Every structure is written in structure tokens, then in C-alpha cells.
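The values are calculated or read from the model by the stated rules, or taken from the named source; none is laboratory data. Model, not experiment: these values are computed from the prediction. Glycine gets a Cβ as well: all are built from the backbone with ideal geometry, and neighbour counts include every protein chain shown. Heads up: the accessible areas ignore ligands, DNA and RNA and are worked out on the full protein's heavy atoms, side chains in. Shrake-Rupley method; radii C 1.70, N 1.55, O 1.52, S 1.80 Å.
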Amino acid sequence: MHRRRPHHSNFTYVSSCVKYLIFILNFVFWLFGGLLIGIGLYAFVDKWQLTGWVKLETVYDVILNISLVMVIMGGVVFIVSFAGCVGALRENTCLLKFYSLCLLIFFLLEMAIAIIGFVFPHTMQSMLEENFTDKIIHTYRDDPDLQNFIDFAQQEFRCCGLSSDGYMDWSKNEYFNCTSPSVERCGVPYSCCINATDISSGLVNIMCGYGVQMLSVAEASKKVWTSGCIEIVRSWAERNLYFIAGIALGVALSQLFVIYLAKTLEGQIDLQKSRHQWYSYLTRHMNY
């Protein structure tokens, strides 16, 4: 008597919508990661050729090297998004587990930083001032990328220096220190000036901050911004607390949604594999 074999349909438990949504999202971030790596490497090599050396002796040297930070961040985004792309496209549960774990770690780190920033803003300000002020001020002239970033921040946030000492932070720099033989002694960078650009000519007066450190706070405040940037940024964050919290919440929910999609796809793949194994088992036993 002929035995009836189990019917095998083409039905799949893996949702194409979830699968390709994860793939498309990660493909975009994969391209973004590659772009960050490319820009960072170009800036790093350009700085190497310009200065002839790049100091990477301590952790702070790495953190304050903007081009290198871009390469590292781009590399992390590139690797994680690549795992998400291939894991979704090839239905590889190992890569999907690695991908969702990385997203979970990023989410927890972001939440930890956000909680510390919102609950202990003054503690975070003090920590940043103690750990970064001297190092950033000292390397101002040594790193063109860092110099441009500091100038941009001081102009945009209308601040000077980093700590609560404000414009007097620049006395720690070897070029702006009052004992320096440089023409910039007792001065501050032009980006600290309230009116650095000449209205008639449209040119930037890079000497507008010369000699400011010899003035009192009241007199200096007529020429330059006197408050430190970390304090100004903290005050700005407190004034825009709801806006920042809304953005942080949106980012957090987006990450949780992507983690949910990855775990859903992973579960669907495992279910599909177990279904296939069960069908193979029944097929082998019915042939006997």
C-alpha cells in the first residue's frame, strides 16, 4: 500500500516586509558609516601631511582627534549596519543576534549619559571641565581640526574658554600665556570676540582679542565673551530641555523599534528552521 507523504508547501514564516525593512535601514547606515570613514581618513591624512605628525599617546589624544573619532565612529556604524544588512538578507541568526546586541548596548549607553546629564547637570559640567579643559586649551594650536571646532563653538555659543574661569582659560595655552614671547600673549582667540568681523571691509580681525587677559571682567566683557563654553552649553540645554528630551525619546524609541524588528525576524527564522527540520524528520521516517 502506498504511503502518503507529508505535503510541503511554499509557506514561509519569515516576513518579507520585516526582512527588507531591516535591510534597507541598515544599508542606508552602512553607506553613512562608509562616508564617515572616508571623510575621517581624508582629514587625518591631510592633517598628517600638513603638520608632519599626529600625537596619539593617550586616550585624550584619541578623543580630541576629530578626524580619528570620525573614522572610529564610522567603522562601528559600518560593521554593525553590515551585520544587520547581511543578517537580514541571508537570514543569518548569528549576525542578527550580534546586531541586536550592539543596538542594545548603544541604547543603554545613551540612556546612561542622558540620565546623568539630566539628573546631575552640574556634576557632568564639573567632570568635563576637570578632564578636558586643560587638554583642549593646550592643543588648540597643535590640531587644525580641533582649532576650527573650538572657534566654531565659541562663535556659535558666544563663549570663550571652557571652564567657569571663562576667557582666562586661555592663559593655560603657551601662545596666549602672558609669559609667552608671542604677539598673542595675554590674548584670546579671535573667535572669542564680540565683533570679530569688520563691518566695512568684511574681514576678520584676528587681533581683536589681544591683551584681553590683562583687563577686568567688566572691561573684557565689552570686547569678548567672558563665560566658558561648557557652562553656556549646559544653560542652553536647560532652556531647551523639552526639545532635547523629545529628540532623545524619538531616538530611543526608534532604536527599540529596530531591536524589536531584529528579534522578530530572528524568531521567524528560528521557527522556519524548526519547521523545516520537522518536515525533514517526517519525510525520512515515512520512507521506511
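From the Cα trace of the chain, what convex hull volume per residue do you get, rounded to a whole Å³?
In the chain, the Cα hull volume divided by residue count equals 191 Å³.
In the chain, with Lys and Arg counted as +1 and Asp and Glu as -1 at Cβ, which of these residues, T123, A88, V45, has the Cα nearest the positive end of the dipole, that is, farthest along it?
The one lying farthest along the dipole's positive direction is A88.
Output wanted: per-residue J couplings in Hz (rounded whole) for region 148-162, from phi through Karplus 6.51 cos²θ - 1.76 cosθ + 1.60, θ = phi - 60°, x for Gly and Pro.
With the stated coefficients, region 148-162 comes to 4, 5, 5, 4, 4, 5, 5, 6, 6, 9, 6, 9, 8, x, 10 Hz.
Need the C-alpha centroid separation for region 15-58 versus region 158-194, integer Å.
Using only Cα atoms to place each centre, the spacing works out to 34 Å.
Counting only protein heavy atoms and a 1.4 Å probe, tell me what percentage of the chain's accessible area is made up of carbon and sulfur.
Whole-percent figure for carbon plus sulfur exposure: 67.
With a sphere of radius 13 Å drawn around the Cβ of E129, what net charge do the other residues whose Cβ falls strictly inside it have (Lys, Arg +1; Asp, Glu -1)?
Once all neighbours under 13 Å are counted, the net charge is -2.
To the nearest 20 Debye, how big is the dipole of the chain about its Cα centre, given +1 on the beta carbon of each Lys and Arg and -1 on that of each Asp and Glu?
2140 debye
Kindly provide the helix-only [θ] at 222 nm of the chain, computed as the sum of -39,500 (n - 2.57) over DSSP H runs of four or more divided by all residues, to the nearest 500 deg cm²/dmol?
Taken over the chain, the calculation gives -22000 deg cm²/dmol.
Mind listing the phi-derived Karplus ³J(HN,Hα) values for region 184-197, rounded to whole Hz, using 6.51, -1.76 and 1.60 with θ = phi - 60°, and x for any glycine or proline?
8, 4, 6, x, 9, x, 4, 5, 7, 5, 5, 10, 7, 9
Under 21 Å Cα to Cα from K55, which lysines show up? Leave out anything in the same chain fewer than 8 places away.
Leaving aside lysines fewer than 8 places away in the same chain, those within reach of K55 are K47, K135, K172.
Using the Cα centre of region 139-255 as the reference point, and only Cβ charges (+1 on K/R, -1 on D/E), how large is the resulting charge dipole? Debye, rounded to the nearest 20.
280 debye
Search the structure for amide H atoms under 5 Å from the amide H of G211, placed 1.01 Å from N in the peptide plane, and list their residues when 5 or more places away or on another chain.
The answer is G187, V188.
For the chain, with every protein chain kept in place, what is the accessible area per residue (1.4 Å probe, Å²)?
63 Å²
For the chain, set up a GNM with springs between Cα atoms under 10 Å and report which of K223, K97, K273 has the largest fluctuation.
K273
Within straight cross-link reach of K273, meaning Cα distance under 23 Å, which lysines are found once same-chain residues fewer than 8 apart are removed?
Filter leaves K19, K97, K263.
Each label point is 7 Å from the Cα along the Cα-to-Cβ direction; what then is the distance between the points at N148 and N92, in nm?
3.7 nm
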